[in-house]
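Asks: Would you mind keeping the following structure in view while I ask a few things?
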2 protein chains.
Amino acid sequence: MKTIVIHEVGPRDGLQIEKSVIPTATKIAWVETLIGSGVDVVQLGSFVNPERVPQMADTEQLFLHFTAPGRTRSHAAFSALVLNEKGLDRGFACGVDYFCMGVSASDTHSRKNTGMSTDEALNRITAMAKRASAEGAKVQVSVQSAFGCGYEGRVPPKNVLRIVGRYLDAGLTMISLADTAGHADPSQVEDLFGTIHDLAPNVVSACHFHDTYGLALANCYAAFRAGVTSFDSAVAGLGGCPFTAVSGGNVATEDLVHMLQRMDLRHDINLDALTAAAKKAEEFLGRALPGKIHVTGPVPELAPV
Amino acid sequence: MKTIVIHEVGPRDGLQIEKSVIPTATKIAWVETLIGSGVDVVQLGSFVNPERVPQMADTEQLFLHFTAPGRTRSHAAFSALVLNEKGLDRGFACGVDYFCMGVSASDTHSRKNTGMSTDEALNRITAMAKRASAEGAKVQVSVQSAFGCGYEGRVPPKNVLRIVGRYLDAGLTMISLADTAGHADPSQVEDLFGTIHDLAPNVVSACHFHDTYGLALANCYAAFRAGVTSFDSAVAGLGGCPFTAVSGGNVATEDLVHMLQRMDLRHDINLDALTAAAKKAEEFLGRALPGKIHVTGPVPELAPV
């Protein structure tokens, strides 16, 4: 059994903020490259209003393509983000069996993002997650803005632990902490995940870091130290807003996998394929992207003399 | 007593590989800004052959300027790198009281860099360090290529521990491990420093990381976790070769200090002054430099609502 899971979120968290809508055929070819690299899960999209987020309008099509009956299934799993019951219905209708959903620990962020307070959103998401689990799907529930928030600043750990407690009460044990604004520091990451694992050793924890302030890889290492086993990342460091000084892309999949391979983990993942996927993304978006290893290549493997 | 020491090496490790020679007056104004930030030690230069490394030819002048008798000494200490006895003589002649010197754990790197095997260099450096200590100077001895080497690949820990053992036998306890090629990964960093601290609890350890493969901040965190207390860094991420795809600058001082401040350490250091110093370096070198926080600014400090 693999001890570390790479959850590629580029096709969702990477593309959702892009100005341009990437054609479905381009996405399919790109996702094929991502799958070919050997990453474990690819998040294909989210079931949101296609008029508000046209970048995600083809999410059904992608699931139908990659999970069609009769198609030889690859090793990879495919996940989708859902925000509400309607999204969950749409997901089930096209065969999704792995759902991600979450609540912001920052009340201000929650209200701005969903129109609901954290508590209202928590009631709704918990009910959705229980329903999806009962129908046999894999469900990962997350706490967004788990470390810091652009509106509220530092987020107190107790606010996060309260949400985690509610998830656990509902029997939900795949739990992700997301650093939506890129504010997390590695001490904070190690402390908060450490506390959760101490309180609930049955939790299968995941992390989601943005590199807004250059701390994403350090935070991934801290999460690893604390026993986190699932890592969200986006190839080439996609995500965040490309039009501001403070670029907040996800941790780059190729940089994360390179670090893990230097740590003697996940040698089964093909870094060349990730580099190819990063370069494809640079090509279809028409600009350089922040990931490092797709530019430098990995540390050369030399036989000691 | 400060638990974490920031050792700014930009004026030495940052400038020594630049094509252009920065005028002494420009360096002085820049170092004043660096001192003003509150970093603990500034490495002003190295005593090497001025014909081979003209960028370091004014090292005496810088020491005479910053450590002149009668000048009000700032909080900051000033260090110099020395490679041989002649350099040590030059250092003493201009009042240096803090010397850094080292040996490469990679025999190939040592021979290419110094014309000596690791063992020959070790004999020489150990004798120099003993002499400098006996004359009352502070001495930090380092192991270069302590994690990996562009010629030899992974460097076995036992090769590093052998050199550290020789330093300890000579009574030298300020010991730095340098990741010259940027190959280190955080697990390796934590393991190796952990082993050293277990073997020799009296060691005051320092680290020196290059960001060639994006791992410098993660490695700094790993070193911190292992109990390292002194961190080399160069403002703006100066250093390495700016003319290759694989840019290997030092960890950027502003990025390191920002991470430490997020970890509730070293709030006394002025990040604005470091940002100003980074921008000055971009100005006198005429190009953008790799550090991140001097571009993004720090995570905004907001009062929780």
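Rule-based calculations on the coordinates, nothing more; no lab input. Remember, predicted model here, so these are calculated numbers, not experimental data. All Cβ positions, glycine included, derive from the backbone under ideal geometry; neighbour counts span all protein chains shown.
Asks: Taking H as built 1.01 Å from N, whose amide H comes closer than 5 Å to the amide H of B:Gly227, not counting residues under 5 places away?
Replies: none
Asks: In whole Hz and in residue order, list the ³J(HN,Hα) couplings for segment A:7-23 that follow from phi through the Karplus curve 6.51 cos²θ - 1.76 cosθ + 1.60, θ = phi - 60°; x for Gly and Pro.
Replies: 10, 7, 10, x, x, 9, 5, x, 8, 5, 9, 6, 5, 8, 9, 7, x
Asks: Ignoring solvent entirely, what values of log10 I(q)/I(0) come out of the Debye formula for chain A at 0.08, 0.09, 0.13, 0.14 Å⁻¹ when each Cα is a single scatterer?
Replies: -0.31, -0.40, -0.89, -1.05
Asks: Provide an ascending nm list, one decimal, of label-point separations from A:Pro54 to the equivalent residue in each further copy; define each label point as 7 Å from Cα along Cα→Cβ.
Replies: 5.8
Asks: Against the globular-protein guess of 2.2 N^0.38 Å, express the Cα radius of gyration of segment A:53-126 as a ratio, rounded to two decimals. Please report the intermediate quantities before stating the final value.
Replies: Working: Rg = 14.7 Å, N = 74, 2.2 N^0.38 = 11.3 Å.
Normalised Cα radius of gyration, segment A:53-126: 1.30.
Asks: Can you give the Rg/Rh ratio of segment A:65-177, where Rg is from the C-alpha atoms and Rh is the Kirkwood radius?
Replies: Numbers: Rg = 15.1 Å, Rh = 14.8 Å.
That ratio is 1.02, to two decimals.
Asks: Tally Lys/Arg at +1 and Asp/Glu at -1 over every other residue whose Cβ is under 14 Å from the Cβ of B:Asp191; what's the total?
Replies: Residues close to B:Asp191 contribute a combined charge of 0.
Asks: Could you list, in their original order, any pairs among B:Lys86/B:Lys158; A:Lys19/A:Lys279; B:Lys27/B:Lys280 whose Cα atoms are separated by more than 21 Å? Don't jump to the answer; show the numbers that get you there.
Replies: On the way: B:Lys86/B:Lys158 31 Å; A:Lys19/A:Lys279 19 Å; B:Lys27/B:Lys280 10 Å.
Long pairs (Cα-Cα over 21 Å): B:Lys86/B:Lys158.
Asks: For labels at B:Glu32 and A:Asn202 in the simple 7 Å Cα→Cβ model, what's the distance in nm?
Replies: It works out to 6.6 nm between the two label points.
Asks: Could you grab the relative contact order for segment A:169-305? Cα pairs under 8 Å, six or more apart, rounded to a whole percent.
Replies: On the way: 214 pairs, mean separation 28.2, N = 137.
21 percent.
Asks: Please list the helices of chain B that count as membrane-span-like by this rule: a mean Kyte-Doolittle hydropathy of at least 0.5 together with Cα atoms stretching 15 Å or more along the helix axis, each helix being a complete DSSP H run. Spell out each step's value before the answer.
Replies: Working: long enough: B:24-37 (20 Å, 0.64); B:118-134 (23 Å, -0.38); B:157-169 (18 Å, -0.21); B:186-199 (20 Å, -0.11); B:271-285 (21 Å, 0.28).
The qualifying helices are B:24-37.
Asks: Show the residues, 5+ positions off or on another chain, whose built amide H is closer than 5 Å to the amide H of A:Phe78.
Replies: A:Val42
Asks: How many partner chain Cβ atoms sit within 10 Å of a residue's Cβ in peptide A:288-300, on average, as a whole number?
Replies: Taking the mean over all residues of the peptide, I get 4.
Asks: Compute the FRET efficiency between A:Arg131 and A:Thr195 as 1/(1 + (r/R0)^6), taking r as their Cβ-Cβ distance and R0 = 25 Å, and round to the nearest 0.05. Don't skip to the end; give the middle numbers.
Replies: Values: r = 29 Å, r/R0 = 1.15.
It comes to 0.30.
Asks: Using r as the Cβ-Cβ distance of B:Asn123 and B:Asp89, and R0 as 30 Å, what FRET efficiency do you calculate, to the nearest 0.05? Mind dumping the intermediate values first?
Replies: Details: r = 18 Å, r/R0 = 0.62.
After rounding, the FRET efficiency stands at 0.95.
Asks: Taking 7 Å along the Cα-to-C-beta vector as the label spot, tell me the B:Glu301-A:Glu51 distance in nanometres, rounded to one decimal.
Replies: Output for this residue pair reads 4.6 nm.
Asks: Moving to a separate point now. Using a Gaussian network model of chain B whose springs link C-alpha atoms within less than 10 Å, name the residue from B:His183, B:His208, B:His267 with the highest mean-square fluctuation.
Replies: B:His267
Asks: A further question follows. Only sites in a loop by DSSP and with at most 14 other Cβ atoms within 10 Å count here; which GluC sites (Glu not before Pro) in segment A:118-211 make the cut?
Replies: Values: sites: A:Glu120, A:Glu135, A:Glu152, A:Glu190; in loops: A:Glu135, A:Glu152.
Qualifying residues, ordered by number: A:Glu135.
Asks: What FRET efficiency do you get for A:Thr108 and B:Lys279 if R0 is 30 Å and r is their Cβ-Cβ distance, rounded to the nearest 0.05?
Replies: Working: r = 33 Å, r/R0 = 1.09.
Working from the Cβ atoms, E equals 0.35.
Asks: Suppose you put the label 7 Å out from Cα in the Cβ direction; list, shortest first and in nm with one decimal, how far B:Gly165 is from each other copy's label.
Replies: Here B:Gly165 shows inter-copy label distances of 5.3 nm.
Asks: Could you work out the local net charge near A:Ser205, counting Lys and Arg as +1, Asp and Glu as -1, over the other residues with Cβ closer than 13 Å to its Cβ? All intermediate terms of the calculation are to be shown ahead of the outcome.
Replies: Numbers: positive: A:Arg225; negative: A:Glu190, A:Asp198, A:Asp232.
Net local charge, A:Ser205 excluded: -2.
Asks: What Kirkwood hydrodynamic radius, in Å, does segment B:143-214 give when the mean of 1/r is taken over all pairs of distinct Cα atoms and then inverted? Show your work: numbers first, answer last.
Replies: On the way: mean 1/r = 0.0815 Å⁻¹.
In segment B:143-214 this quantity evaluates to 12.3 Å.
Asks: While we're here: Run the paramagnetic zone check for A:Thr72: 7 angstrom along Cα to Cβ, then residues of segment A:247-288 with backbone nitrogen under 20 Å.
Replies: A:269-270, A:273
Asks: Now for a different question. What number, in percent, do you get for the relative contact order of chain B if the mean sequence gap of Cα pairs under 8 Å and at least 6 apart is divided by its residue count? Before the final figure, lay out the partial values.
Replies: On the way: 593 pairs, mean separation 54.7, N = 305.
Taking the mean separation of contacting Cα pairs over the length of chain B, I get 18 percent.
Asks: Do the sum for the protein assembly as shown: with -39,500 (n - 2.57) for every DSSP H run of n ≥ 4, divided by all residues, what is the mean residue ellipticity at 222 nm, to the nearest 500 deg cm²/dmol?
Replies: Helix-only estimate at 222 nm: -12000 deg cm²/dmol.
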